Structures are given as structure tokens and as C-alpha cells.
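A quick write-up on the structure given underneath.
The values are calculated or read from the model by the stated rules, or taken from the named source; none is laboratory data. Predicted model, so just to flag it, every value in this text is computed and none were measured. Quick reminder, even Gly has a Cβ in these numbers, built from the backbone with ideal geometry, and neighbours come from all protein chains shown. Heads up: the accessible areas ignore ligands, DNA and RNA and are worked out on the full protein's heavy atoms, side chains in. Shrake-Rupley method; radii C 1.70, N 1.55, O 1.52, S 1.80 Å.
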Amino acid sequence: MIDRRGFTKAMGLVTGAAAVSLTGPQRVAAATPAPAGAHTSFPALKQVKAGLLNVGYAELGPRRGPAVILLHGWPYDIHSYVDVAPILAGHGYRVIVPYLRGHGTTRFLSARTFRNAQQSAVALDIIALMDALKIHKAVVAGFDWGSRTGDILAALWPERVKALVSVSGYLITDRAAQAEPISPAAEHTWWYQYYFATERGRKAMERADLRRDLTRLVWRTVSPTWDFDDATFERTAAAFENPDYAAIVIHNYRWRLGLAEGEHRYDRYESRLAAAPPIAVPSLTVDARYDPFTAPGDGAGYRSKFTGPYEHRTFAVGHNVPQEAPEEFARAVVDVDHF
């Protein structure tokens, strides 16, 4: 999930989805959106070899439309965008929703590849996916792990990112800051990260029953106003059956806390990220009012990191923003595309 440091609230809730003209997506008056939860599945998934992976992904919308890449977080999967993607496709976008490494139908091409989940490795997966799909530039939108990945893409490869929607703002991991304690109340919120630092936590991720119990508990605590049903959770939990899921999740959180090493092949990227590079592409940040990781401040904690055209919004939902507020999230994507 997001970093240990809290991230801040924002200015206003914007509702609706933008309409589209015959020439492509336009920022115009809001159209009547489909209700949240209107969709339960994607069309048949696709697979493509990209970098170290065979990536599973959903694709909606016209193939020649402007590209949007939607990135999920933990413990979630592509179904966080099951309502967002059709809205954007209906507005003329080519929408790509990939399973991140270790999730769903995405697989490593080699059994010998280290199951690494450090931040630059995950970002390079998306660059490889864009190359494989011949997408030079895209609007990138994400939450949780997806926000971090989008932030890294925008910071290190701005020529590939037309615009960015980042839930919780600037999430590039500062490993030095991660080594410092914060208030006990805030540390309590991050209990699962410390659990994953233990062998008990690793074993829990490997056991299907405990993995389901733990991830469902996280859903309930970080989205206290989201009344999801069993079927909604089970659709996503199926993505956790990936044989590399436990290894990827454990490495991600241990790496962030300095308890696991990455790979030297990524050192040059991590060195640049350690300097907290600014993001100059057009950006729209979102905070979730009822997410326990969202701190007060109207985005002030990270505003200075976005140096290009910028807007900040708050949605009255919990952590899984695109699935809890699909119309608002889709509108944010359309709007930032026209900054």
C-alpha cells in the first residue's frame, strides 16, 4: 500500500464523467455516469511478453484512441478499474489495465529471475509494456502501488507520460525516511508492514486462508465506508493466487523498510529516485477523505513536488478510490488530459 508517511487532503469533489466529441475526448459538461458497481468483469484478458514478464492485461476502447494506463495497488487488482475503464473507453480512450508483477495472469518469463518488487523494477515493467504495445505516450493513473509507479514514470521518463493522476500524491519511496520512527498512532496503522517483516507474515501470505483473511481485513479498515460484497472481494482475491504473489508482496514491503536488498541493475534508477525528483508533467492528485492514511493539509505535504500544470481534489471515499468513486476518477483522467 502507500508509504508510511501520511498524505494530505484536497480541495473539492468533482463528479461526473466528461463527454467526447467525434474528434476525441474533450473537457466539456459532465455526462450522466454509470453507477459504481455496474460492471463485474472485463472482456477476455490479453497477454504480451514485455521485459521480464508475460503481462496479463485488460484492454478496452478504440485501438487508435489516446492511451490511458490504469495501475492498481495492494491488496487489489485490475478490478479496481472495472467501472472506470468502460467510462474512459466510451469517451474514446484506448484503456490498458495491467496486472502488476506477482498478480493475476502476469508471470515471470524465467524461473531464475529474482522476484523483486523494488519501486524502479515495477516502473520498468510498465515501460516494457508500453514498448510491447507500441504506446509511446499515455495518460497514467493509479493508486497505492499504482500511484508510486505512475509518479516514477512521470519523474524519470516524462517523455512517456502525457499526464498523471496520482492518488495520495507524491509516493516515491524515500528509504532513508522509512528508517525513522513516526508517532505510535501512525505506526499502528502500518501494522501489516511490520508483520510482513517477520517470517510469520511471510507464511501468512503463502497460506490461502490467512492471505484472504488478511487482505479482506485491510479492505475493511482502509475503506470504512465501502460496502463491498463477497463476490467483489473474491473477484480480486483470485489475483492473489499467482505463484509469485507472496514473494512479490513480502519483498516490496521489506525493501521499503531497508530489510531486503534490491538488484544492482536498478541502482542507477534508485539513485535518481532517492533525490526525490520533481514531476513536471500535467498532474492531478487525489486524496481519499476516509482513508486512514490520508492526513489533513489539502495536499500541502507534496504540492511542491509537482512543478507543471496541477490540480488537487478530495473524494469522499476510502483507499480504493477508483472502485469506490469510478465516475470521479474517470473525470479526473479526462480533465488532466486537457490541462
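Picking from Asp267, Asp125, Asp144, which is most flexible by a Gaussian network model of the chain using Cα springs under 10 Å?
Result for the chain, Cα springs under 10 Å: Asp267 fluctuates most.
Filter the chain for me: DSSP H helices, axial length by Cα at least 30 angstrom, mean Kyte-Doolittle hydropathy not below 1.0. List them by residue number. Present the calculation step by step, with values, prior to reporting the outcome.
Values: long enough: none.
Once both thresholds are applied, nothing remains.
Let me spell out the model: positive unit charges on the Cβ of Lys and Arg, negative unit charges on the Cβ of Asp and Glu, origin at the Cα centre of the chain. What dipole size does that give, in debye rounded to 20?
Using only the charged Cβ atoms, the result is roughly 820 debye.
Through the Karplus equation 6.51 cos²θ - 1.76 cosθ + 1.60, θ set to phi - 60°, convert the phi angles of the range 102-109 into ³J(HN,Hα) values in whole Hz; use x for Gly and Pro.
x, 10, x, 8, 6, 9, 6, 6
Describe numerically, in nm with one decimal, the distance between label points set 7 Å from Cα along Cα→Cβ at Asn54 and at Ala38.
3.5
How high is the relative contact order of the chain? Use alpha-carbon pairs under 8 Å, at least six apart in sequence, and give a whole percent.
Normalised by residue count, the contact order of the chain is 28 percent.
Computed over the Cα atoms of the chain, what is the ratio Rg over Rh, Rh following Kirkwood?
Result: Rg/Rh = 0.93.
Give me log10 I(q)/I(0) at q = 0.17 Å⁻¹ for the range 64-137, Debye formula, one equal scatterer per alpha-carbon, no solvent.
The computed values of log10 I(q)/I(0) come out as -0.72.
Asp227 to Asp298: extension gain in nm, 0.36 nm per residue of separation minus the Cα-Cα distance?
22.9 nm
Could you give me the ³J(HN,Hα) list for the range 40-50, computed from phi with Karplus coefficients 6.51, -1.76, 1.60 and θ = phi - 60°, whole Hz, x at Gly and Pro?
Per residue, the Karplus-derived 3J(HN,Hα) values read 10, 7, 9, x, 3, 6, 10, 10, 8, 6, 8 Hz.
Treat the range 64-199 as a sphere of radius equal to its Kirkwood radius over Cα pairs and apply Stokes-Einstein at 37 °C in a medium of 0.692 mPa s; give the translational diffusion coefficient in µm²/s, rounded to a whole number. The partial results should precede the final answer.
Values: Rh = 16.2 Å.
This corresponds to a translational diffusion coefficient of 202 µm²/s.
Would you work out what percent of the accessible area of the range 164-270, with all protein chains in place, is carbon or sulfur (probe 1.4 Å)?
54
Taking amide H positions as placed in the peptide plane 1.01 Å from N, state which residues far from Ile279 in sequence (5 or more) or on other chains have amide H under 5 Å from it.
Phe306, Thr307
Hey, how many Å between the Cα centroid of the range 101-173 and the Cα centroid of the range 276-339?
Between the Cα centre of the range 101-173 and that of the range 276-339, the gap is 18 Å.
Quick one: how many lysine pairs in the chain have C-alpha atoms under 17 angstrom apart, if they're 8 or more apart or on different chains?
Lysine pairs meeting the criterion: 5.
Let me have the 222 nm mean residue ellipticity of the chain computed from DSSP H runs of 4+ only, each contributing -39500 (n - 2.57), with the sum over all residues rounded to the nearest 500.
-9500 deg cm²/dmol, from helical runs alone.
Grab the other residues whose beta carbon is less than 14 angstrom from that of His136, score K and R as +1, D and E as -1, and report the net.
Values: positive: Arg64, Arg94, Lys134, Lys137, Arg160, Lys162; negative: Asp131, Glu159.
That works out to +4.
What's the longest uninterrupted piece of the chain once you rule out the trypsin sites (Lys or Arg not before Pro) that are loop residues per DSSP with at most 13 other Cβ within 10 Å?
It works out to 208-339.
Could you tell me the relative contact order of the range 285-331? Use alpha-carbon pairs under 8 Å, at least six residues apart, and round to a whole percent.
Details: 48 pairs, mean separation 21.6, N = 47.
Answer for the range 285-331 is 46 percent.
Starting from 0 in steps of 5 Å, tell me what percent of the Cα-Cα pairs of the range 225-339 lands in each bin.
Taking all Cα pairs of the range 225-339, the binned fractions are 2, 9, 12, 14, 17, 18, 18, 9, 1 percent.
Expected output is a single nm value to one decimal: the length gained when fully extending between Lys203 and Glu180, i.e. 0.36 nm times separation in residues minus the C-alpha distance. What is it?
5.6 nm is the gain from fully extending Lys203 to Glu180.
Lys and Arg at +1, Asp and Glu at -1: add these up for the other residues within a Cβ distance under 11 Å of Arg101 and post the number.
Cβ neighbours under 11 Å give a net charge of 0.
Counting other Cβ atoms within 10 Å, keep those with at most 14, restrict to DSSP loop, and tell me which GluC sites (Glu not before Pro) in the range 209-275 are left.
On the way: sites: Glu234, Glu241, Glu261, Glu263, Glu270; in loops: Glu261, Glu263.
Listed in order of number, the matching sites are Glu261, Glu263.
Anyone know which of Asp230, Asp291, Asp77 comes out most mobile in the 10 Å Cα GNM of the chain?
Residue with maximal mean-square fluctuation among Asp230, Asp291, Asp77: Asp230.
Work out from phi, with θ = phi - 60° and the Karplus expression 6.51 cos²θ - 1.76 cosθ + 1.60, the ³J(HN,Hα) of each residue of the range 165-179, listed in order in whole Hz, and give x for Gly and Pro.
These are the phi-based 3J(HN,Hα) values: 10, 10, 6, 6, x, 8, 10, 4, 6, 9, 5, 5, 5, 4, 7 Hz.
Tell me, what is the per residue accessible area of the chain in Å², probe radius 1.4 Å?
Heavy-atom accessible area per residue stands at 39 Å².
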